[in-house]
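Below is one structure, written out as structure tokens; the observations come after it.
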Ligand SMILES: Cc1cc2nc3c(=O)[nH]c(=O)nc-3n(C[C@H](O)[C@H](O)[C@H](O)COP(=O)(O)OP(=O)(O)OC[C@H]3O[C@@H](n4cnc5c(N)ncnc54)[C@H](O)[C@@H]3O)c2cc1C
């Protein structure tokens, strides 16, 4: 579960002695060949050797760095997610692909699993928290077995999350001078290949390796782009293409073949 991952990551960050400042954001920055001077939202100014924008799909750093960059666009689909009790029979991922929506069950602990439901919807929806479980129950109507058992137990207190899907691909390079974008700030993707967070984590690993190998920030950023661009592009392009095939109602085989091809490519060493 994400909160568990966040605790692991934030504990390691603290142990590494990183100075973490919460509750502020970057207001503005200027840079020269040697430094980035940052003004934070509390009015303070700081000088850094470099700056990384890892601030997600609506990245403020991206907007400041590349004002003309494309903005996230609704793909035509949305995902519903909820964590529910896990019966013993669900001991691995289960996908239900034949209906008007796609549904999946993924064990996340001994006692719990998470369910996603992928829906095509022409217009971007807004769903209030108190109605989300009703809407999800409506979409599950008609399924039997495990999914029916989940449907009849959905209640208002359960945190059902609905996310309209958004994506775009930023052309290379994802840096200017000493400022680089990472993760969803650079390559937000729809979740068809379940690889967005994986790509964000790989970005961090690759950048750390390149920083340790070369002597200038620009050389490290350039080496980073060489190793990251094609791989991230594959994830975004193929995820969006699978989403288009889903929306057109193409045969399931034509969707799963692209999933398999993509995952085979992603299994290659980075
Ligand atoms: C429905 C759905 C299902 C998904 N399923 C999967 C999956 O199964 N597997 C997978 O690998 N990926 C999945 N993803 C993708 C994954 O969630 C993202 O790719 C990943 O979270 C990107 O990580 P990030 O660190 O780049 O950005 P984020 O996780 O968005 O983190 C950005 C951080 O920056 C902070 N921030 C934002 N703006 C500012 C600002 N102005 N100032 C300071 N801080 C700021 C935010 O608070 C946040 O903490 C899914 C996404 C969706 C929508």
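Derivation of every value follows stated rules applied to the coordinates shown; laboratory data play no part. Quantities reported herein were computed from a predicted structural model and do not represent experimental measurements. Note that we place each Cβ from the backbone using ideal geometry, even for glycine, and neighbour counts take in every protein chain shown.
Under a Gaussian network description of the chain, with springs only between Cα atoms under 10 Å, the residue in 166, 123, 33 that fluctuates furthest is 33. Rounded to the nearest 500, the helix-only mean residue ellipticity at 222 nm of the chain stands at -12500 deg cm²/dmol, with each DSSP H run of n ≥ 4 adding -39,500 (n - 2.57). Sorted ascending by nearby beta carbons within 10 Å, beginning with the fewest, 91, 250, 184 become 91, 250, 184. Counting other Cβ atoms within 10 Å as a rough exposure proxy, the listed residues 228, 37 run 37, 228 from fewest neighbours to most.
Antiparallel versus total DSSP beta bridges in the chain: what percent is that, nearest 5?
Values: 35 of 38 bridges.
Antiparallel bridges make up about 90 percent of those DSSP assigns within the chain.
Distances over 34 Å make up what percent of all Cα-Cα pairs in the chain? That fraction is 28 percent. Relative to the longest principal axis of the Cα atoms of the chain, the long axis of helix 196-213 lies at roughly 20 degrees.
For the options 76, 249, 145, a Gaussian network treatment of the chain with springs between C-alpha atoms closer than 10 Å singles out 145 as fluctuating the most. Ranking of 122, 102 by neighbouring Cβ atoms within 10 Å, starting from the fewest: 122, 102. Its residue count N fixes a reference of 2.2 N^0.38 Å for segment 158-270, and the Cα radius of gyration divided by that reference is 1.19. Relative to one another, the C-alpha centroids of segment 73-97 and segment 189-230 are positioned 29 Å apart. Calculated translational diffusion coefficient of segment 43-123 (10 °C, 1.306 mPa s; Stokes-Einstein with Kirkwood radius over alpha-carbon pairs) equals 96 µm²/s. Just so you know, the Cα atoms of segment 35-77 work out to an Rg and Dmax of 13.6, 42 Å.
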